[in-house]
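As structure tokens, the structure follows; a few thoughts come after it.
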Amino acid sequence: MIEPLARSFGRPGAGLVRRFAGARRFVGVSRLNLLAVALVGLVVLAAVFGEILAPFPPNAITLLDRLKPPSSIHLFGTDDYGRDLLSRVLAGARISLQVATIVLSISVVVGTTLGAVAGLVGGLVDEAIMRVTDLFLAFPALILAAAIAATLGADLSTTILALATVFWPWYARLVRGQVLSLREREFVLAARVAGARASRVVRVHLIPNVLPFVIVQMSLDVGYVILSTSALSFLGLGAQPPTPEWGAMLTDARGYLRDAWWFPTFPGLALAFTVVAFNLLGDGLRDWLDPRLGRH
Amino acid sequence: MRRLLARRLIFVVFVLWGVTLITFFLARVAPGDPARLIAGAHANAAAIANVRALYGLDQPLVVQYGHYMADLLRGDLGTSFVTRRPVAEDIRAFLPATAELSVFALLVGSSAGIALGVFAALRRGSRSDAAARLIAVASLSMPAFWLAMLLQLVVYSRLGWLPFGGRLDTGMAPPPQVTGFMTIDSLLAGQPETFVASVRHLVMPVFTLALAEVGLMARIVRTSMLEVVGEDYIRTAEAKGLARRRVVVRHALRNALLPAVTVLGLEAALLAGGVFLVETIFAWPGIGRYAYDAIRASDYSAIMGVTVVGAVIYVAINLVVDIGYLYLDPRIRYS
Amino acid sequence: MQRRWPALLVSALFIVSACGTGEPPPTASPTPGGGTPGPTPTPAVAPLGRDTDTLVVAVDAFNADFDPASAYLQSEALIWRGIYESLVRLKGDSASEVEPLLADSWEANADKSSWTFHLHPGVTFSDGEPFDAQAVKDNYVRTIGLALGTNFILGAFITDPAKQIVVVDPLTVRFDIGAPTPHFDVVMAALFGTGVVSPRVLREHSTGDADQGHEWLLGHAVGTGPYVMETLAPGDQVVLVQNPNYWRGWDGAHFKKIIIRSIPEASTRRQLLESGEVDIAYAGTPEDTAAVRADPRFFVGDFKNLDLTYIILGAYGPLAKPEARQAMNYLFPYDDFLNTVQKGTLERANGVFPDLLLTQDPGVFMYPTDIPKAQQLLDAAGVAPGTELTYEYYTGFGKEAGLVMQDQLAKVGLKLKIVEKEFSAMNADLTTDRPVEERANMYYWGWWPDYNDPSNFSWILFHSGAAPDACPCYNSGYYKNSRVDEIIDAGFTETDATKLAAMFKEAQDILVRQDPAWIPVGQQLDETYFRSDIAGQVFNPLYILTWDYYALSRE
């Protein structure tokens, strides 16, 4: 199957590594990049310090405060159990980032290992690994994830497993492609001729050259993982009560669209902003690193 | 070329076989006794034992898989215990609604995306480019289910501009089925009122579904436009003094769209995920909602049926795209 | 360039549009079907841009099962109440007064051990098959013999139907019960297990003795009733149309077509009602109900029925000991929950029996919310701190109580895992025998009796013979108390009302105080929403959330 361009970087550029080293200049390229970095920073801060900043415990039920509009006590209002929405939205940031981190870590480790093995060993091993990879790519991602989540029982941990199942093949394919092209490049060939051990070639030459691609791909995927997590939770296949996951909060809010505007608004805004922030960052990084576009 | 094609076809068969293998074993490791579910909530132990024997559920898994594959090859996807109908029949009933929604979303989303991509590429580096990029990223990032809630509240509930839920107004008889597309069938049947209703019902789900397509398409078109614009023949054309618009349309866009075609496969995957959410929220009687209901009810025959049919469609689209690409761009050789 | 977030724009619109939700919009209602929204000239009726002869009902879910021998859910009955009829039925909003339907009259012998019904002449099924005494007998022999769930409603009195049901002549059928049964006419008026299916179905669609047409009846229905099923799209909608040969005729005002739509989202149901697309909608959140009630374009019910909502406490695992189940009862914050979360749409239950049940004891023990007491009981029961319990509910019913219970359990150091299931999956969970570790410890559920009788209500919920290991019944907590079993068994044939009341007073004390089976949460109020131009609705406390479609009309 031809690899969709949206997830590829085409031919690797020699300047890519250097480019990546000068990360400070990234924000100077475009004001959108600056915005992206600022927004992502904000989300990360909320995730890290949310627990301290939150005025209330996110799951504390106060039935008498059911569906209170925003006020000085509850800045974002309360939900249908009288829980403070600001505290829950902040806790949601941490959950979303945690899930994204775990999903992408698993995907990257599994995908990179398999991709590197396929690319380095070649032959039947390559063929076997890549056919399995293609097999997983043949499923519509969200439906496969939903089916896995439903089979294993709806829970945030099965969401993580389901999403990792969906995301790792992209990394396997990406890394294999890069390894294949690097394998034939002069500096790697030279190292091998010079008698360097395979592990050293991998450590010194392959990893530093493949890593930037993986990192950019990860930054592009963070938003999509967060969105998918929320979608699964929204459908009741992910986070279970009382977990303050944004998608799960939006499910609860559906019943109160008309009577409590703040309830669907704030979790939704938080989700949209977070995903926009990460996608903007990933998009900017990719544009910036893509040699085909030859920046002026 | 012929060898390549043969290779692709063998691969397709392998993928589809793998899909059946995964769905089958996924369904079988799931908790819950399928015989219990098939027999119904009120069945007694004897009835459950009957069902178990009848469906071969008391046999080893490998044997069960053999039966499953044999049935599948005959086009028998089993029976849904929720709808009590053959899954193949259910899918035939629900597929047209999904097809209509997806085709319109793909058309709307791609055209808007191409326009945005071209616009951004032509004004590269300018504020308009940044704005277009922001729009593209935002449209890709918008949670479909949240957007659907907003539309439901604002456009339907508050403003009353558009209807919500279903393909036609309540009680309106559907036109005789020819294509399965309400819009086309109502025109064929000469029912303008039904046509208008079907279009009005399509607007919100199509918009929600198309939004993600816009961002994806715009990103790809912009990138490939920039690549093409840098190539010699475009420079030559410009140097020859051809009008810029003519160059863009005649040369650059045509060549830039080639990579865009290849993402159709990815678009299809994105659509499948989107359809799943959008149909559920907009009460659209299609495959996505059917799949959702099936997953919620642990209706494994239906889940397996939808997954297999979905994979077949997805693989078929990708195959067509690949072959088309091979013909369009002779430089590509499958390695 | 102004940098603006599309998301921000949309939500700004969202907030603006949602402000002013405080009051209902009786005048400026949306008008679907085109045109600009504006004040409607007659504010007391919502717009109606569709066929006036069609009734559209929006329910949370319907299920397809049209076999009177197995269909035991309100979500099934709400369809076939328009298709099937029984010999007699409850009159109006009474839970005990019986009126004729397929039988014109009936009488019992002196000791009420034998009942004779005289059938209405000239009735045919919608497939043209004549309705007669033999059809009645064949149906009930089948329902009782198949044992698919509703068998015990009549089967509690008739164990050998082939012998005990006697065809006297084509229009007379006699039930020889053999023991005094003063309220057999009330039993025969039950909604479930009494419907009469065309004998042709049983002849032509049977795949064997264990089936007798059951499989076919899961997707089809042929009865004597006013409507026939035109289309069935599971999960979407059912369309019923008039049976042209209906025996009571079509004079007067009736709907020509009934469309029942499955709309799981409460907010969507309310919107469809307000925009004029549906005529009747199941109640949504308490906020929805308050808003619709305040809107003069609609009529909202407020009727107490025999529907009781409760949390089943599994008498196994950590809650095996009565003390542990008592502790759960002391934890539940009844008043706060009912007043704030439910906003008075649920009344506090007086023990495990509905207020309107024949033998209800008003002096039943009521648990206060008392956390130290609960802690003490948990210690006595040996429930270790940190134990995790599981709570199961189905989509749209019981999440609130679960979250509240989770919060309360945390106060005594216990955890509660909340599991949401789709309705049919939970229904299967409740009625399937499984090992202890696969069961939830609490299930949120509701029940009402088939007819107003304490044994009928209790048997399927509390009798050890109704646990999932004995039959596909709803004693899903595997409750087992031999004294309760004795009382329930004896209650079926007890003819002395005073004695019966005393027996069930004792049973209720066991079920509530000594060896609790549930947390009795509340009594449902039927708060279905109707357009104000719909006439003829009757809220019967036993025919819950289903309607006599023949009696409904548009003014």
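The values are calculated or read from the model by the stated rules, or taken from the named source; none is laboratory data. Just so we're clear, the structure is a prediction, and the values are computed from it rather than from any experiment. Note that each Cβ is placed from the backbone with ideal geometry, even for glycine, and that neighbours are counted across all protein chains shown.
Numerical summary
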| item | result |
| --- | --- |
| Count of residues meeting criterion [within 14 Å of chain B (Cβ to nearest Cβ) and part of a helix (DSSP H, G or I)] in the range C:425-482 | 12 |
| Candidates C:208, C:249, filtered to the one that is within 13 Å of chain B (Cβ to nearest Cβ) and more than 28 Å from the chain's Cα centre (by Cα) | C:208 |
| Test: residue in the range C:386-398 that is modelled with pLDDT under 90 and in contact with a Pro (Cβ under 7 Å, 6 or more places away or on another chain) | yes |
| Every residue from the range C:377-423 that is under 20 Å from residue A:82 (Cβ atoms) and assigned to a helix (DSSP H, G or I) | C:399, C:400, C:401, C:402, C:403, C:404, C:405, C:406, C:407, C:408, C:409, C:410 |
| Check on residue C:86, within 12 Å of chain B (Cβ to nearest Cβ), hydroxyl-bearing (Ser, Thr, Tyr) and either closer than 30 Å to residue B:194 by Cα or in a loop (DSSP other than H, G, I, E, B) (or both) | no |
| Every residue from the range B:293-318 that is within 14 Å of chain C (Cβ to nearest Cβ), of a type in the set (A, V, I, L, M, F, W, C) and part of a helix (DSSP H, G or I) | B:294, B:295, B:302, B:303, B:306 |
| Residue B:26 vs. criteria modelled with pLDDT of 75 or more, surrounded by 13 or more Cβ atoms within 10 Å (Cβ to Cβ), within 14 Å of another protein chain (Cβ to nearest Cβ) and out of contact with any strand residue (DSSP E or B) (no Cβ under 6 Å at 6 or more places or on another chain) | yes |
| Residue match in the range B:123-143 (condition: within 20 Å of the chain's Cα centre (by Cα), buried (at least 22 other Cβ atoms within 10 Å of the Cβ) and of a type in the set (Ser, Thr, Tyr)) | yes |
| Qualifying residue in the range C:81-97 (condition: surrounded by 20 or more Cβ atoms within 10 Å (Cβ to Cβ), among the β-branched types (Val, Ile, Thr) and more than 24 Å from residue C:234 (Cβ to Cβ)) | yes |
| Residue in the range B:246-266 that is under 16 Å from the mean Cα position of the chain (by Cα), at pLDDT 75 or above and facing another protein chain (nearest Cβ under 9 Å) present | no |
| Subset tally (residues that are more than 14 Å from chain A (Cβ to nearest Cβ) and either within 21 Å of residue C:477 (Cβ to Cβ) or assigned to a strand (DSSP E or B) (or both)) for the range C:324-365 | 18 |
| Residue that is farthest from residue C:458 (Cα to Cα) [pool: residues in the range C:113-160 that are away from chain B (no Cβ under 14 Å), under 27 Å from the mean Cα position of the chain (by Cα) and outside any helix (DSSP H, G or I)] | C:126 |
| The listed residue being surrounded by 23 or more Cβ atoms within 10 Å (Cβ to Cβ) and more than 24 Å from the chain's Cα centre (by Cα), out of C:510, C:519, C:487 | C:487 |
| Among the residues listed as A:133, A:165, A:159, A:113, the single one being more than 30 Å from residue C:421 (Cα to Cα) and in contact (Cβ under 8 Å) with a residue 12 or more places away in the chain | A:133 |
| Failed item in (1) surrounded by 24 or more Cβ atoms within 10 Å (Cβ to Cβ); (2) at pLDDT below 90; (3) at the interface with another protein chain (Cβ under 10 Å from one of its Cβ atoms), with residue A:294 passing the rest | (1) |
| Those residues of the range C:162-184 which are closer than 25 Å to residue C:448 by Cβ and either within 14 Å of chain B (Cβ to nearest Cβ) or not hydroxyl-bearing (Ser, Thr, Tyr) (or both), in sequence order | C:175, C:177, C:182, C:183, C:184 |
| Evaluation of residue C:56 against (1) in a loop (DSSP other than H, G, I, E, B); (2) crowded, with 23+ Cβ neighbours inside 10 Å (one fails), failing number | (1) |
| All positions within the range A:75-109 that are hydrophobic (A, V, I, L, M, F, W, C), over 15 Å from the mean Cα position of the chain (by Cα) and part of a helix (DSSP H, G or I) | A:85, A:86, A:89, A:90, A:91 |
| Residues of the range C:390-411 satisfying the condition of being more than 8 Å from chain A (Cβ to nearest Cβ) and touching a Gly at 6+ places or on another chain (Cβ under 8 Å) | C:391, C:393, C:397 |
| Boolean, residue B:105 is under 25 Å from the mean Cα position of the chain (by Cα), at pLDDT 90 or above, within 24 Å of residue A:286 (Cβ to Cβ) and small (Gly, Ala, Ser) | no |
| Matching residues in the range B:73-89 - criterion: being in contact (Cβ under 8 Å) with a residue 12 or more places away in the chain and in a loop (DSSP other than H, G, I, E, B) | B:75, B:76, B:77, B:78, B:80, B:81, B:82, B:83 |
| Pairs with Cβ under 6 Å, 6+ apart, first in the range C:341-353 and at positive phi, second modelled with pLDDT under 90 | C:343/C:286 |
| Scan of the range B:164-191 for residues that are modelled with pLDDT of 85 or more and within 21 Å of residue C:277 (Cβ to Cβ), ordered by number | B:167, B:175, B:182, B:183, B:186, B:191 |
| Tabulated pairs, the range C:394-419, first farther than 13 Å from residue C:331 by Cβ, second small (Gly, Ala, Ser) and crowded, with 20+ Cβ neighbours inside 10 Å, C-beta under 6 angstrom, 6+ apart or interchain | C:418/C:402 |
| Among the residues listed as B:219, B:200, the single one being in a helix (DSSP H, G or I) and modelled with pLDDT under 85 | B:219 |
